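The values are calculated or read from the model by the stated rules, or taken from the named source; none is laboratory data. Because the structure is a prediction, the values reported are computed rather than measured. Positions of Cβ are generated from backbone atoms using ideal geometry, with glycine treated the same way; all protein chains shown enter the neighbour counts.
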Amino acid sequence: MPSALHRSQYRILRSLLVCTREQAGLTQQDVARALGKPQSFVSKYERGERRLDVTEFVEVAFVLGVDPGELITAYRNRLEGANQLFGIGADGEVRQQSAGSRGRTRRR
């Protein structure tokens, strides 16, 4: 099993944070300065070398100018879209898509 930093779910969250920062017109340096952290702090969580804890996530959201709840909703929407794309049900079952295996599932 991949580490929590490298799971596809965390990649989706990281991508959302980067897109939100860029849409806000902020650089990594801008975010770091507002957080009172070095630029490497932002770089590391954006590249997946470091995780954000929940309090850091909330602080980052505020610096990006968005409500943390809105970010979580956007994350859930992206995650659901990815799950549909790859045929993963809400129960964690992977739906096989080939013609010969319709209806069968395998545990992820």
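Taking interchain pairs and intrachain pairs at least six residues apart, which have beta carbon atoms under 9 angstrom, with the first residue in segment 9-20 and of a type in the set (S, T, N, Q) and surrounded by fewer than 18 Cβ atoms within 10 Å (Cβ to Cβ) and the second modelled with pLDDT under 95 and in a helix (DSSP H, G or I)? Going by the 9 Å Cβ cut-off, the qualifying pairs are 9/75; 9/79; 9/82; 15/78. Are any residues in segment 43-84 surrounded by fewer than 14 Cβ atoms within 10 Å (Cβ to Cβ), in contact (Cβ under 8 Å) with a residue 12 or more places away in the chain and among the hydroxyl-bearing types (Ser, Thr, Tyr), and if so, which ones? Hits for segment 43-84: nothing passes.
Residues that are modelled with pLDDT of 65 or more, part of a helix (DSSP H, G or I) and either farther than 21 Å from residue 27 by Cα or more than 14 Å from the chain's Cα centre (by Cα) (or both): does segment 91-99 have at least one?
So in segment 91-99, the residues modelled with pLDDT of 65 or more come out as none.
There is no residue in segment 91-99 that is modelled with pLDDT of 65 or more, part of a helix (DSSP H, G or I) and either farther than 21 Å from residue 27 by Cα or more than 14 Å from the chain's Cα centre (by Cα) (or both).
Applying the set (1) modelled with pLDDT of 95 or more; (2) within 16 Å of residue 71 (Cβ to Cβ); (3) of a type outside the set (D, E, K, R); (4) assigned to a helix (DSSP H, G or I) to residue 9 leaves exactly one unmet item: (1).
When only residues in segment 62-83 that are of a type in the set (A, V, I, L, M) and assigned to a helix (DSSP H, G or I) count, which is farthest from residue 38 (Cα to Cα)? Full working, then the answer.
Step one: of segment 62-83, the residues of a type in the set (A, V, I, L, M) are 63-64, 66, 71-72, 74, 79, 82.
Add one more test, that the residue is assigned to a helix (DSSP H, G or I), and what stays is 63-64, 71-72, 74, 79, 82.
Numbers: 63: 15, 64: 16, 71: 23, 72: 25, 74: 27, 79: 30, 82: 32 Å.
Among residues in segment 62-83 that are of a type in the set (A, V, I, L, M) and assigned to a helix (DSSP H, G or I), the one farthest from residue 38 (Cα to Cα) is 82.
For the criterion of being out of contact with any Asp or Glu (no Cβ under 9 Å at 6 or more places or on another chain), among the acidic types (Asp, Glu) and not in a helix (DSSP H, G or I), residue 59 fails.
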